[in-house]
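In what follows, a structure is listed as structure tokens, so that the remarks can point back to it.
The values are calculated or read from the model by the stated rules, or taken from the named source; none is laboratory data. The structure presented is a predicted model; accordingly, all values stated were derived computationally and were not measured. Counting neighbours? That spans all protein chains shown, and the Cβs are built from the backbone with ideal geometry, glycine included.
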Amino acid sequence: MCSSSKFEQPTFQTYLGWSLWLPWFFLGNYFIISTCFLTSAEFHYKFSNWVVSGSAELKRADALIIFTYKYFGRNGILALGTGMLLIVDLETIGSFLKLVRYHRKNRLYKRGLVTNLDDDYEFPRLSVLLKNLFTKDKSKRKRVAFRSKKEYREMRKRLEKDALYKKMYPNNRV
Amino acid sequence: MLKQTMKDVSKDAAINLAVQFVCKLFVNIANNDPNPAASALLKVSTKDALIAGLMNNDFYTDDKLVGSLNCMMALFSKAQEKKSTLLDLNVISDAGWQCFISLGARFALKNMRTTSQYKELVSLIQDKRKYDLVMDWMLKKVNKDTYNYLLDTFVEEGLKGLTEVKYVQ
């Protein structure tokens with residue numbers, strides 16, 4: 001099982017970040033995937049006339065695109081886009097699952113069913129995921145455990161029957 | 001506190017300006033620009049550097065918030081550079097590409113920072129006394145032939161660059 005770490009409590013910025021990020025997430029995915037279907041003339045027109053703009057981070061991205069197209073051509077650009085898409089999507093999905101896990105555990109914590117707010121089922125890092133993909137020995141893979149709704153229901157039923165729990169938390173509805 | 005924040009922002013903006021210049025310089029050299037440094041200097045944007053300096057402030061703790069603000073900036077700067085509207089699909093597409101590449105690089109670096117190899121390399125580079133250690137580290141990671149080949153290539157390319165500079169002068 002993965003090592004547990006403490007949850008960072010989501011703030012106003014987290015939700016603002018999600019609401020601003022989601023449109024960009026879908027737009028970025030759509031435009032990068034749609035680039036694969038461009039004809040070679042369109043592709044050449046798009047990437048040979050690439051304009052460098054923005055702050056240092058954005059200019060660095062532009063430079064990366066220009067150099068990749070210059071030295072590796074269409075395949076290089078598609079590989080770069082796919083790689084970055086994979087990284088950004090995994091990061092987004094990972095942090096979304098973390099938010100969901102936080103809310104689930106917080107609900108249990110408020111009801112007194114758990115004593116801490118540790119992240120028990122941490123989403124593995126990208127390097128670990130890639131390592132898992134290429135590891136032949138499956139016994140060495142880190143498991144991404146997940147509690148289903150059924151498991152929660154069973155836990156609730158068990159606690160309803162538990163006499164000690166009823167004695168300790170008489171006012172708690174499970 | 002405001003003074004300290006402004007100090008940090010201006011420091012970040014100065015670094016940002018320098019990196020902007022270097023990026024544009026490399027692009028100009030690759031595009032065979034006759035005067036790469038001058039045109040790179042003209043393209044450096046102080047406004048973008050200041051906004052980026054404000055965004056890198058410790059106040060913003062969420063990666064996605066900074067990322068989406070960066071994407072907004074990409075959209076505005078692309079529209080300005082292409083002299084087009086914000087709703088132009090080409091501009092949105094270019095901004096989406098730029099945004100995903102910069103964010104992907106940011107996330108990849110963030111993931112790499114936790115690996116032992118990266119920590120080892122950074123600690124070696126920060127040790128100013130022993131630059132040779134980096135070479136030793138490289139020697140441990142690759143075999144001797146590859147190491148010699150890499151060194152030869154570096155020397156060869158360096159000499160080629162020097163002769164080209166002499167030829168231009």
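Kindly list the number of the only condition in (1) of a type in the set (D, E, K, R); (2) under 20 Å from the mean Cα position of the chain (by Cα); (3) at pLDDT 75 or above; (4) surrounded by fewer than 21 Cβ atoms within 10 Å (Cβ to Cβ) that fails for B:Asp8.
Here B:Asp8 clears every test but (3).
Take the conditions among the β-branched types (Val, Ile, Thr) and part of a loop (DSSP other than H, G, I, E, B) and apply them to A:Val88. Does it pass? It would help to see each step written out before you state the result.
Details: among the β-branched types (Val, Ile, Thr): yes; part of a loop (DSSP other than H, G, I, E, B): no.
It is false that A:Val88 is among the β-branched types (Val, Ile, Thr) and part of a loop (DSSP other than H, G, I, E, B).
Looking at this structure, is A:Glu8 more than 21 Å from B:Asn70 (Cα to Cα) and at the interface with chain B (Cβ under 9 Å from one of its Cβ atoms)?
yes
Exactly one of these conditions fails for B:Arg106: (1) outside any helix (DSSP H, G or I); (2) at the interface with another protein chain (Cβ under 9 Å from one of its Cβ atoms); (3) of a type in the set (Lys, Arg). Give me its number.
Here B:Arg106 meets the rest and fails (1).
Within segment B:56-72, track down each residue that is more than 7 Å from chain A (Cβ to nearest Cβ) and within 15 Å of A:Lys59 (Cα to Cα).
Scanning segment B:56-72 gives a single hit, B:Met72.
Hey, among A:Lys142, A:Lys167, A:Lys138, which residue is of a type in the set (Lys, Arg) and at pLDDT 70 or above?
Numbers: A:Lys142 fails: at pLDDT 70 or above; A:Lys138 fails: at pLDDT 70 or above.
From the options A:Lys142, A:Lys167, A:Lys138, the qualifying one is A:Lys167.
Just to be sure before I move on: is A:Ala63 closer than 20 Å to B:Lys82 by Cα and in a helix (DSSP H, G or I) in the structure I sent? Spell out how you get there, then give the answer.
Details: closer than 20 Å to B:Lys82 by Cα: yes; in a helix (DSSP H, G or I): yes.
Considered against the rule, which asks whether it is closer than 20 Å to B:Lys82 by Cα and in a helix (DSSP H, G or I), A:Ala63 comes out as yes.
If a residue must be more than 19 Å from A:Arg101 (Cα to Cα), touching a residue at least 24 places away in the same chain (Cβ under 8 Å) and surrounded by 14 or more Cβ atoms within 10 Å (Cβ to Cβ), how many such residues does segment A:1-43 contain?
7
Being in contact (Cβ under 8 Å) with a residue 40 or more places away in the chain and crowded, with 19+ Cβ neighbours inside 10 Å is the filter; apply it to segment B:27-55 and report the residue that is farthest from the other protein chains (Cβ to nearest Cβ). Can you show your working first?
Our first condition is that a residue be in contact (Cβ under 8 Å) with a residue 40 or more places away in the chain; within segment B:27-55, this holds for B:50, B:52-54.
Restricting the remaining residues to those that are crowded, with 19+ Cβ neighbours inside 10 Å gives B:52-53.
Details: B:Ala52: 4, B:Gly53: 9 Å.
My answer is B:Gly53.
In the set A:Gly81, A:Gly112, which member is away from chain B (no Cβ under 14 Å) and out of contact with any Lys or Arg (no Cβ under 8 Å at 6 or more places or on another chain)? Explain how you work it out, then say what you get.
On the way: A:Gly81 fails: away from chain B (no Cβ under 14 Å).
Of the residues listed, the single one that is away from chain B (no Cβ under 14 Å) and out of contact with any Lys or Arg (no Cβ under 8 Å at 6 or more places or on another chain) is A:Gly112.
With out of contact with any Phe, Trp or Tyr (no Cβ under 7 Å at 6 or more places or on another chain), assigned to a helix (DSSP H, G or I) and within 8 Å of chain A (Cβ to nearest Cβ) as the only criterion, which of B:Lys78, B:Lys119 stands out? It would help to see each step written out before you state the result.
On the way: B:Lys119 fails: within 8 Å of chain A (Cβ to nearest Cβ).
Unique residue meeting the criteria: B:Lys78.
Taking segment B:79-106 as the search range and keeping residues that are modelled with pLDDT under 90 and farther than 18 Å from A:Phe26 by Cα, which one is surrounded by the fewest Cβ atoms within 10 Å (Cβ to Cβ)?
Applying the filter and picking the extreme gives B:Lys83.
Could you tell me which residue of segment A:11-60 is farthest from B:Lys64 (Cα to Cα), considering only residues that are more than 9 Å from chain B (Cβ to nearest Cβ) and outside any helix (DSSP H, G or I)?
Among residues in segment A:11-60 that are more than 9 Å from chain B (Cβ to nearest Cβ) and outside any helix (DSSP H, G or I), the one farthest from B:Lys64 (Cα to Cα) is A:Thr39.
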